Every structure is written in C-alpha cells, then in structure tokens.
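Here's the structure, in structure tokens; my notes come after.
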Amino acid sequence: MMADHDHDPGPPTHLLRTVADYERAALPSMSDQARSYIDGGAGDEITLRDNADAWQRLALRPRVLTGVGESDLSTRLLGVTRPHPLVVAPTAFQRLVHPDGEVGVARAAAATGTIMCVSTLASTGAAAVAEAIPDQARWFQLYAFVDRGVTRDLIQSAAAYGYEALVVTVDRPVLGVREREWRSNVRDVSRHGPSGAAAAAGPAAAAAGDTAGGTPPADYSALIDPNLNWSDISRFVSESSLPVLLKGIMTAEDAELAIEHGARGVIVSNHGGRQLDTVLSGADALTPIVDAVAGRIDVLVDGGIRRGTDVVKALALGAGGVLVGRPLTWGLAVGGAEGAQRVIEILLAELHTALALSGCPRVTDLNRSFVTRAPWAGSK
Ligand SMILES: Cc1cc2nc3c(=O)[nH]c(=O)nc-3n(C[C@H](O)[C@H](O)[C@H](O)COP(=O)(O)O)c2cc1C
C-alpha cells in the first residue's frame, strides 16, 4: 500500500458490512495523495456529492405478496446473459492503493461473475490483466490518443486479448479542474501506470507524467485527443470487431447520435463528478436518455452507487446495468483482491434484499412504477 504515514489497521474486516464501512476503513490506508486522487472530484465537487445524493432523492414503491422466493438477478447486456447487472467501472492506476491493483479487482470480478471494465490507464495493462485472469468477462475502456497508431493498437489488442466490448470514454477531451488533487500535489500517479499497450505512447507518456509541476496530477491529458469526434466513433465501430459503448453520454441528443454512429450502448456518466462540475447526476440524467433510446441499444449508468437500493432505482428507471467505481477501490485499499470481492458481494446481497422487499423476483420485473420522487428530496 502507498501509505506514507503510520498505518492504522482499522476495524477487523468482518466488521465491515457496508460500502460506507469500506470507505471509512480505506481512509487511513491511503496516502493524502491517493485519497485526493480517488475520492476527489472537479471544481466545488457539487456533482460529486450529488451523484450519491440523487439516488437518495428517489423513494421506492414496493409491491407485496408477489412471491419473491426465487429471486433472479440475471440480465442481458450487449445481448449476453449475465448473472447480475453490476459492472466494475474503469478506474485508472489501481496499484496506487494496493499492490494487487487491477489483477486483484479482476480476480474479485471473476469470483462474483462481474464484468470488469479495464482502463486504458490501468497500472497493470489490459493484456497483463487478461493473461493473469483469463476466465473473466471483461470490457476495455478506450481513451483515444492523439497518436492514432497507439489508439489502433489498443483497439486491436483488446479484441486479441478476449475483451468483449470497447467502452470509448467521451467526456474527457481535457482533464477536469481537480482542485483537491492540486492542493495535495498529486503528481506521482504516473508511477503506477499505465503499462501494456497504453505505455506504447512511449517516452511522450513518461514526459507527460513528469511535467506535472504546475498541471496536476501527472496526467496523460496531453496524450488524449481533445479533437475526438463522431466520425472517429463511426471509424472505431467499423474497424473493431467488438461492440462499442460510449461512456459519458449525458443528453438524449447525444444518445441519439450514438445510435446513428453505430454504438451498441451508452453509459450515462459524469465520470464520477471528476470532469465538468455542476452537470446532472447519473440518476437525474438517466430518464430522458432511456426514453430517447427506447430500447434500441443498451443504457447503463454510473455515479454514486453505494447501496443495493441504488441499483434497484437505476434499473427501475430503465438502466440495463450499473457501473461501480470508487467502492471497488476502497475495497482494494482495505483488503486487496479480497476486499474488492467483499464490496461486490455486499452490493449483490443488498440488491437481492432490496429486490425481494420491492416485490420483484427478477431484476427484469422492475419498471418506473417502483420509484417516485421522495418527499424528503428538497432537503437533499
Ligand atoms: C480514481 C478514479 C479513476 C478513474 N479513471 C477512469 C478511467 O481511466 N477511465 C474512465 O472512463 N473513467 C474513469 N473513472 C470514472 C469511473 O469509470 C466512473 O465513471 C465513476 O467512478 C463512477 O462513479 P463512482 O466512483 O461514484 O461509482 C475514474 C474514477 C475514479 C474515481
């Protein structure tokens, strides 16, 4: 672990029963810099906070006497039946918090039947993750580099290493205003990645890492193409054998364009509140997008998912799947692969309970009648 101070062992892990428990327990095991990088958001962090709050502004409307003894979490994503709707969100540099890093999270995902989306900026690259944990459902998250040769290599290598989808992140043409990272002088993130194909960006990548002095953190922004546009998406779709999802879609207009340009899915996401502050939460952006898409492609959502009830609400609003980011990193920080696995298990157990208590034997039974705006919403 990267703690740069005396390590507080925290509570024994059997006492960690919720995602919030893991969040608290992760704090002492992370350095100030790791904390700022992982837990921070953009600007005044209004969107960061609202991502979690927005799920709490929704109340559930349970039905009763529906016979929920045979609960079934299985769902279809990109035409494939999955055991449940959770997906590990791509998060960069996971070895920042624990040496198990991405391989540990992949192990946790494999043990729980969870799709893992591996970041372009993973500290253990996509190829090495695939080699370490071959029997696992995985998607590859693509940042399109200015160097299109590197981008092409990344796309080809994803298919060669058995990745089942290409998740193109479209909400990071430039890096958000990360004030918490500036204050704690986050600059050594690049020591933790990327490796693999992304590292093929070569000396330029290392240089970008080193020039962090004034521009925190040691980011790879200079390598990521700010001119990425819809014609690139059409090209990725035609050049790749993999289905393409666009991550970071926030409007019905862009969801429509995503369909026009051949995407098989959109992920409603504000990048965990790390990019443009004061955009809507995933929860609030979701409904108009689900309506516009009208079942033509898959719609997933992320941001602030911390409870099984949050997942139920997302699915009730029409999401087909839900990505979870920081909770996995907290689990990893606390207990490596085991901690990450425990976090997924907690969310799945809560999802089972929330579903049964909502009167739904199957996740596919959920619809909008199960949620309503909460009377306490004004105070959140
Ligand atoms: C530390 C960290 C690193 C991230 N790195 C990436 C990344 O490399 N690519 C990407 O598309 N999204 C990245 N994200 C955004 C996540 O994929 C996801 O959208 C977000 O974390 C979901 O919100 P949550 O953390 O509240 O669950 C990152 C998020 C965090 C917290």
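The values are calculated or read from the model by the stated rules, or taken from the named source; none is laboratory data. The structure presented is a predicted model; accordingly, all values stated were derived computationally and were not measured. Here Cβ is always computed from backbone atoms with ideal geometry, including for glycine, and neighbour counts include all displayed protein chains. The area values use the complete protein model at the heavy-atom level, side chains included, leaving out ligands, DNA and RNA. Shrake-Rupley method; radii C 1.70, N 1.55, O 1.52, S 1.80 Å.
General remarks:
- For the stretch 44-167, with all protein chains in place and a probe radius of 1.4 Å, 49% of the accessible heavy-atom surface sits on carbon or sulfur.
- The residue list G336, V371, A349 was ranked by how far each Cα lies along the charge dipole of the stretch 300-380 toward its positive end, using unit charges on Cβ atoms, and V371 comes out on top.
- Sites R63 and S221 - FRET efficiency at Förster radius 51 Å, r taken between beta-carbons, to 0.05: 0.60
- Ranked order, E256, E338 - accessible area, probe 1.4 Å, largest first: E338, E256
- Summed over qualifying helices (DSSP H, 4 residues or more, each -39500 (n - 2.57)) and divided by its residue number, the chain shows a 222 nm mean residue ellipticity of -11500 deg cm²/dmol.
- D53 paired with L357, simple spin-label distance in nm, labels 7 Å along Cα-to-beta-carbon: 2.4
- Treating r as the C-beta distance of A349 and D135 and R0 as 25 Å, the FRET efficiency rounds to 0.60.
- D (Stokes-Einstein, µm²/s), Kirkwood Cα radius, the stretch 305-345, 1.002 mPa s at 20 °C: 199
- Distance between modelled label sites at D291 and L27, nm, 7 Å Cα→Cβ extension: 4.0
- Accessible area, probe 1.4 Å, largest first, for residues S31, S369: S369, S31
- The calculated FRET efficiency for the pair D147 and S231, based on their C-beta separation and a Förster distance of 22 Å, comes to about 0.80.
- Note that the stretch 23-110 shows a convex hull volume over its alpha carbon atoms of 188 Å³ per residue.
- Rule-of-thumb Rg ratio for the chain [Cα; 2.2 N^0.38 Å; N residues]: 0.93
- Each of T112, T372 has its accessible area taken with a 1.4 Å probe; listed largest first, they run T372, T112.
- Reciprocal mean inverse distance between Cα atoms of the stretch 235-380 - Kirkwood radius, Å: 16.4
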